[in-house]
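Input: a single structure, listed below in structure tokens.
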Amino acid sequence: MGKILTIAKMVLKKRLLSPAYYWMILTPVIVFLIGIGFVGLMHRQNNNSRPIIAVVANSDIKKAIESEKSDAYQVNRKVDVTDNKRLKSYLADGVLDGILYVSDDFSKITYRYNADSNKSLPIEALKKNLSGLSSQFAASSYGLNIKQWSEITKQPTIKQQPINKKAAVELKNSNAAQNLGEVIVMLAFVLLVSYINITGTELGIEKSNHLIEGILAAVPARKHFAGKMLGIGFLIALQLLIYLVIGGLVCLVAKQTDLMTWFDPVKYFGHVDAEYLVIVILLTLLSIILYIFLAAIFASFVSKNEDISQAVSIVGTIMMVPYLLSFLAQENPNTGVIRFLSYMPFMSQGIMPVRLARAAVSYQAGWITVLFALSGAIIMYFWAEHLYVKNAFSYSSDSPLKTLFNRILKRN
């Protein structure tokens, strides 16, 4: 065990002393912060682009329009709408961006606006609100009050009840749960892109430079492989810990600013079932382990430096499959292929979270998938270890993929 820890510490120390490791950690954080800044800028621009309008109509219609809340426009209630000449000057001077004229029977509606204004046109929002108001006023002319009209036009509510409701995600949290699952899957994808490269380099560079003979003379191949994998595990744990610290700091800063006013992750994701979250996290971590072991298998057949990138690219291509299938699962979570692949290691981390969020399966199915992924990870470790030990001194001019197929088919 001492030699395994020594190798693991060497892997950890080598990466910690490398600026590339910190850049690998900070790049997703920088992209995330830029994304937050961009969304915040768009949010502010959206608020700033809302036109300020005045309403010229009889008192009842004017009050009704002013009481309607809209993100597309803002009504200035303080402007004197009886002075038409002053209204036009307000429009020309930029005090108002538009003036809405509504006749008593809604038969004539005009929206005058300053064409030089950089504010958006709220035509669609006005159509929607005025359509509802005109119906209410028409109903009142027939002796119906607003409450009665609302009862007549009220749309029926369909309550969805899956047969496995007790064990599935509550449908009211379905979108939030699925979005959270996708965020976790994307984070895992970013981690994997980096760590399959690290795995390929750690296992391939020593063999391609013929340093492996001297290393294995002092450390058995199995312990050397175990130490490398443990060192990579330390790196992943450290990176996740750094992300947790950064996330906590971002939340603290957000509480002191207006960031939470337009996006509050606790409010949005806070009601997602804890069991769902645990299953998704476990599937994601196990998928990272599975793909690292797969990268280790291909790296075991590396004989030249240029083969390392080829071995890594093969694993990267396979990683894309479950990510793409997750989009298909959103619309058809119970098709035969999707159901089958949602239980399969290497695929389940992209598909099963979607099926759980859509209440297509119970949590029991999610735990079965976790068990399959864990079993697959154990099998993959011993297979990767076996191939690494067997091919430690094997040098071939063939590509890693061709060499692997030859081993499977027992060709020389």
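Couple of notes before you dig in:
- For the residues 273, 264, the requirement of being modelled with pLDDT under 65, of a type in the set (Asp, Glu), open to solvent by 10 Å² or more (accessible area, probe 1.4 Å) and out of contact with any His (no Cβ under 6 Å at 6 or more places or on another chain) singles out 264.
- Cβ separations smaller than 8 Å between residues 6+ apart or across chains give no pair from the range 22-33 residues that are closer than 16 Å to residue 192 by Cβ and surrounded by 16 or more Cβ atoms within 10 Å (Cβ to Cβ) to residues that are charged (D, E, K, R) and at pLDDT 80 or above.
- Residue pairs whose Cβ atoms lie under 7 Å apart, sitting 6 or more positions apart in sequence or on different chains, and linking a residue in the range 175-201 that is surrounded by fewer than 18 Cβ atoms within 10 Å (Cβ to Cβ) to a partner that is modelled with pLDDT of 75 or more and of a type in the set (Gly, Ala, Ser), are 193/316.
- When the range 346-382 is filtered for residues that are surrounded by fewer than 16 Cβ atoms within 10 Å (Cβ to Cβ) and either under 17 Å from residue 315 (Cα atoms) or not hydrophobic (A, V, I, L, M, F, W, C) (or both), the ones remaining, listed by number, are 364, 375.
- A count restricted to the range 101-115 and to residues that are within 18 Å of residue 137 (Cα to Cα) and basic (Lys, Arg) stands at 1.
- Criterion applied to 121, 130, 144 was being surrounded by 13 or more Cβ atoms within 10 Å (Cβ to Cβ), at pLDDT below 75 and out of contact with any Asp or Glu (no Cβ under 8 Å at 6 or more places or on another chain), and the one residue passing it is 144.
- Among the residues of the range 278-291, the one identified as open to solvent by less than 10 Å² (accessible area, probe 1.4 Å), farther than 20 Å from residue 179 by Cα and either free of Cβ contacts under 8 Å to residues at least 40 places away in the same chain or hydrophobic (A, V, I, L, M, F, W, C) (or both) is 290.
- For residue 107, the conditions (1) assigned to a loop (DSSP other than H, G, I, E, B); (2) modelled with pLDDT of 80 or more; (3) within 45 Å of the chain's Cα centre (by Cα) all hold with the exception of (3).
- Scope the range 222-244; condition open to solvent by 10 Å² or more (accessible area, probe 1.4 Å) and touching a Lys or Arg at 6+ places or on another chain (Cβ under 6 Å); matching residues: 223
- Against the test of being closer than 24 Å to residue 233 by Cβ, surrounded by fewer than 14 Cβ atoms within 10 Å (Cβ to Cβ), at pLDDT 75 or above and of a type in the set (Lys, Arg), the options 3, 69, 13, 78 yield a single qualifying residue, 13.
The values are calculated or read from the model by the stated rules, or taken from the named source; none is laboratory data. Keep in mind that what you see is a predicted model, and the values were worked out from it rather than measured. Because the Cβ atoms are built from the backbone with ideal geometry, glycine has one as well, and the counts that use them run over all protein chains shown. What goes into the accessible areas is simple: the full protein's heavy atoms, side chains included, and nothing from ligands, DNA or RNA. Shrake-Rupley method; radii C 1.70, N 1.55, O 1.52, S 1.80 Å.
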